[in-house]
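Engineer: Input: one structure, supplied below.
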Amino acid sequence: MSLSISKVLTMSPSDETVSVSGWVRTRRSSKNVSFVALNDGSTIRNLQLVIDVDKGYEGMNEEAMVKVTTGASLCASGKLVASQGSGQAVELLCEKISVEGVADPEEYPLQPKRHSLEFLREIGHLRFRTNVFGAILRVRHAMTFAIHKFFNDRGFFNIHSPIITGSDCEGAGEMFRVTTLPENNPPLLDDGKVDFSKDFFGKATNLTVSGQLEAELAAMALGKVYTFGPTFRAENSNTSRHLAEFWMIEPEVAFADLKDNMDLAEDFLKYLIGYALENCVDDMEFLSKRYAEEEKLKPQAEREEMTLLEKLEFVRNNSFERVTYTQAIDILMNSTPNKKKKFQYPVERWGIDLQSEHERYLVEKHFKKPVIVTDYPRENKAFYMRVNPDEKTVAAMDILVPGVGEIIGGSQREERYEILKERAAEFKIPEESIWWYLDIRKYGSVVHSGFGLGFERLLMFITGMSNVRDVSPFPRTPKSAEF
Ligand code: 4AD
Ligand code: MG
């Protein structure tokens, strides 16, 4: 079997034969010698192949060389030598090549030049082969691994919460229905509504928006748990931060209050940043350069002062700002853009929902660092959040970061049976859909807290990408489920 290019690039020149395989990124030729940049996905770096047809080695003739074009796949073997050119320490002096699959240069859409991210979304089946997606997907993998490691090292247990559910955790009603009832002529009740008792599960079911409610049940026995799975939201918001299918990490901790929850979330984000910086060096350097180029295209006033790597280092090394919703509203009401009527949604009174423009003002202009906003009005947040002693607010916390806005949403949970029951009624949540969630409060209920980190939002933050569609291998958004 061939060696990975990431491995080969760490090796020293030797007389041993080395075999590699991958896809041609570029080829340039002078006389009878061709220089091929080969990439196999194991690293952002390419291995330079030197192919001299005059040597008459196996597979190295004019006829075969015609097929060596950008996008073609090939296997090559030869000796690793010190590179003559700059940019790499070693290169492969080929003694054998075989083209496995051709890529007609007239048709192959990925030319060795910069393509726009929008164009790449249209060729989602091929964009994996670009430097930028390779880098993002390797970072995505590293983050997945780091998330499990973080929790495992701290004694958390991973819980697989269900994907099909009969309850609506966030109460926003933005769910995708799961049904096997016939499209035409479904069974109806007397009032003309669909009779879901005849459906597969004997009731109406949906794809889950969150694994939290189930994670809470597990935390009431295992103490510290987390979920990490796909979640689905049918919100018709075609923004650069929303997906209809995204992954969420949801830790839930028994005997932990809001402060413990904030501390855990802050440690967690800092750990993940550190992991990326230390373990994805080449990819992060590439992404930081890309980010700097994007920034250059912006008007001076809107440009980031720091590079991506500097920004991440800064976030990792400084404590997050912690403010209450009430303090945040004060800041926003007195802010210059509010006074100059620059916000699309003016901040006029306590009780409004913070819009993303407000969140970004707090983070990017006012505090210039991540901010944890706590204690939101009870009407604005989900039914499960613990009612504060003031009875007006709940023990919620949102973490906002520069460039992305909300990255984490969490809270201390309402552990008091009677109050939770009232809250569910306030939000018109049918008791029969969450009776078990209420019931758990009757038996050894404890103070507990948790949060949800949007995985793609985390990746936007770490990779500096500004559209969530570009950090997901297969983004699902309104009117778009290709590939
Ligand atoms: O704030 P949210 O809605 O919180 C919950 O779902 C809680 N049940 C979490 C918990 O306490 N266990 O979502 C959590 C995070 C958001 O902060 C955001 O990062 C991400 O999930 N998120 C989305 N990411 C991409 N596309 C969407 N449509 C998202 N909606 C939420
Ligand atoms: Mg939220």
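The values are calculated or read from the model by the stated rules, or taken from the named source; none is laboratory data. Since the structure is predicted, the reported quantities are computational estimates derived from the model, not experimental observations. Cβ atoms come from the backbone with ideal geometry, glycine included; neighbour counts cover every protein chain shown. Accessible surface areas use protein heavy atoms only, side chains included; no ligands, DNA or RNA. Shrake-Rupley method; radii C 1.70, N 1.55, O 1.52, S 1.80 Å.
Engineer: Here are some residues: I159, I163, I136, I147. Which one is within 16 Å of ligand 1 (Cβ to nearest atom) and open to solvent by 50 Å² or more (accessible area, probe 1.4 Å)?
Structural biologist: Values: I159 fails: open to solvent by 50 Å² or more (accessible area, probe 1.4 Å); I136 fails: open to solvent by 50 Å² or more (accessible area, probe 1.4 Å); I147 fails: open to solvent by 50 Å² or more (accessible area, probe 1.4 Å).
So the residue among I159, I163, I136, I147 that is within 16 Å of ligand 1 (Cβ to nearest atom) and open to solvent by 50 Å² or more (accessible area, probe 1.4 Å) is I163.
Engineer: Could you please find all residues in region 441-457 being open to solvent by 20 Å² or more (accessible area, probe 1.4 Å), more than 30 Å from the chain's Cα centre (by Cα) and of a type outside the set (A, V, I, L, M)?
Structural biologist: Matches in region 441-457: K442, Y443, G444, S445.
Condition check ((1) in contact with a strand residue (DSSP E or B) (Cβ under 8 Å, 6 or more places away or on another chain); (2) of a type in the set (V, I, T); (3) assigned by TED's automatic domain parsing to the domain that holds D439; (4) within 14 Å of ligand 1 (Cβ to nearest atom)) across all residues:
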{"position": "E170", "(1), (2), (3), (4)": "no, no, yes, yes"}
{"position": "K193", "(1), (2), (3), (4)": "no, no, no, no"}
{"position": "A215", "(1), (2), (3), (4)": "yes, no, yes, yes"}
{"position": "S240", "(1), (2), (3), (4)": "no, no, yes, yes"}
{"position": "W247", "(1), (2), (3), (4)": "yes, no, yes, yes"}
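Engineer: Condition (residue is of a type in the set (G, A, S) and surrounded by 18 or more Cβ atoms within 10 Å (Cβ to Cβ)) applied to region 337-352: is it met by at least one residue?
Structural biologist: No, every residue in region 337-352 fails to be of a type in the set (G, A, S) and surrounded by 18 or more Cβ atoms within 10 Å (Cβ to Cβ).
Engineer: Residues of region 357-377 being crowded, with 20+ Cβ neighbours inside 10 Å and over 24 Å from the mean Cα position of the chain (by Cα), which ones?
Structural biologist: D375, Y376
Engineer: Return only the number of the condition from (1) farther than 15 Å from P162 by Cβ; (2) touching a residue at least 40 places away in the same chain (Cβ under 8 Å) that F232 does not satisfy.
Structural biologist: The single condition F232 does not satisfy is (1).
Engineer: Return a yes/no flag: does region 269-276 have any residue that is within 16 Å of ligand 2 (Cβ to nearest atom) and at pLDDT 95 or above.
Structural biologist: The answer is yes; a qualifying residue exists.
Engineer: Can you pull out the residues in region 394-404 that are within 14 Å of ligand 2 (Cβ to nearest atom) and either more than 22 Å from the chain's Cα centre (by Cα) or outside any strand (DSSP E or B) (or both)?
Structural biologist: V394, A396, V404
Engineer: Shifting gears a bit: Which one is farthest from ligand 1 (Cβ to nearest atom), of the residues in region 408-428 that are touching a residue at least 40 places away in the same chain (Cβ under 8 Å) and open to solvent by 30 Å² or more (accessible area, probe 1.4 Å)?
Structural biologist: Top of the filtered list is E426.
Engineer: Scan (1) surrounded by fewer than 16 Cβ atoms within 10 Å (Cβ to Cβ); (2) part of a helix (DSSP H, G or I) for the single condition K298 breaks and write down its number.
Structural biologist: Status for K298: all satisfied but (2).
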